[in-house]
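Contents: one structure, followed by commentary.
Quick note: the coordinates plus some simple rules give every number you see, no bench work behind them. Treat the numbers as computed from the prediction; the structure is a model and nothing was measured. Virtual Cβ from ideal backbone geometry, glycine too; neighbours counted across all protein chains shown.
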Amino acid sequence: MIALGCDHGGYALMQEVKKHLDERKVAYKDCGTFSEEACDYPVYAKKVVKCILDGECENGILICGTGIGISITANRFKGIRAALCGDCFSAAACRQHNDANILAMGGRVTGPGLACRIVDAFLDTPFSEAERHKRRIAEIDEA
Ligand code: RB5
């Protein structure tokens, strides 16, 4: 199950992403926002983070206007690795190398066609399980 969250700046692109996930028959939990009315991205970032840290969802997709505020918020939480991606190479690499558990995108930056390909690269790429990557990920949380 994928947790989805966006603010008003990401709402339109999230509707496209949801259509794509429906076509792929990928299950998701939509944490909102549910309209283009202005709202605060940290609220939705935190809802998605909670779903992942509680184990309800395996990973998440967050979209705000740029993807910046919503990914900064998510990355404040230990165990969350949110990757802001605007290309497929980065979306695959963040899974392979960083075991990213949240894909962040910018609704005012990335068009729907590319965004859906980025989602595919994120969902279809496994973590490499290489020791060097595991070590580096563990080092992220070290003081
Ligand atoms: C909202 O206008 C915008 O600031 C927000 O969507 C996001 O881009 C913040 O990083």
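Placing unit charges on each Cβ (+1 for Lys and Arg, -1 for Asp and Glu) gives the chain a dipole about its Cα centre, and among His97, Leu62, Ala38 the Cα reaching farthest toward its positive end belongs to His97.
With the cut-off at 1.5 for a/c, could you classify segment 35-120 from its C-alpha gyration tensor as rounded, prolate or oblate? Because a/c hits 1.5 or more and a/b fails to exceed b/c, segment 35-120 counts as oblate.
Relative to the dominant Cα principal axis of the chain, helix 112-124 is inclined by about 30°. Relative to the dominant Cα principal axis of the chain, helix 41-53 is inclined by about 50°. Other residues within the sphere of radius under 14 Å centred on the Cβ of His8, judged by their own Cβ, net out at -3 (K and R +1, D and E -1). Here the calculated FRET efficiency for Phe89 and Glu139, from their Cβ-Cβ distance with R0 = 30 Å, stands at 0.80, rounded to the nearest 0.05.
Helix 11-23 and the long axis of the chain differ in direction by around 70°, with both axes built from C-alpha atoms.
Amide H contacts of Lys29 (H built 1.01 Å from N, in plane; Pro and chain starts excluded): Ile2, Ala3, Leu4 sit under 5 Å, all sequence-distant by 5 or more or on other chains. Counting only cysteine Cβ atoms and a cutoff under 4.7 Å, the chain contains unmatched residues Cys6, Cys31, Cys39, Cys64, Cys85, Cys88, Cys94, Cys116.
In the chain, helices alone account for a calculated mean residue ellipticity at 222 nm of -13500 deg cm²/dmol, with every DSSP H run of four or more residues adding -39,500 (n - 2.57). For the chain, the dipole from Cβ point charges (+1 on Lys and Arg, -1 on Asp and Glu) about the Cα centre works out to 180 debye, to the nearest 20. Highest mean packing comes first when the peptides 129-142, 97-110 are listed by Cβ atoms within 10 Å, giving 97-110, 129-142.
Sites listed here are GluC sites (Glu not before Pro) in segment 1-107 whose DSSP assignment is loop and whose Cβ has at most 14 other Cβ atoms within 10 Å: Glu36, Glu37, Glu56, Glu58. Among the listed pairs Lys78/Lys134; Lys19/Lys50; Lys25/Lys47; Lys18/Lys47, those whose Cα-Cα separation exceeds 19 Å are Lys19/Lys50; Lys25/Lys47. Summing Lys, Arg as +1 and Asp, Glu as -1, what charge do residues with Cβ under 13 Å from the Cβ of Ile140 carry, Ile140 excluded? Residues near Ile140 contribute +2 overall.
Once the chain from Glu23 to Asp40 is taken as fully extended at 0.36 nm per residue, the excess over their C-alpha distance is 3.2 nm.
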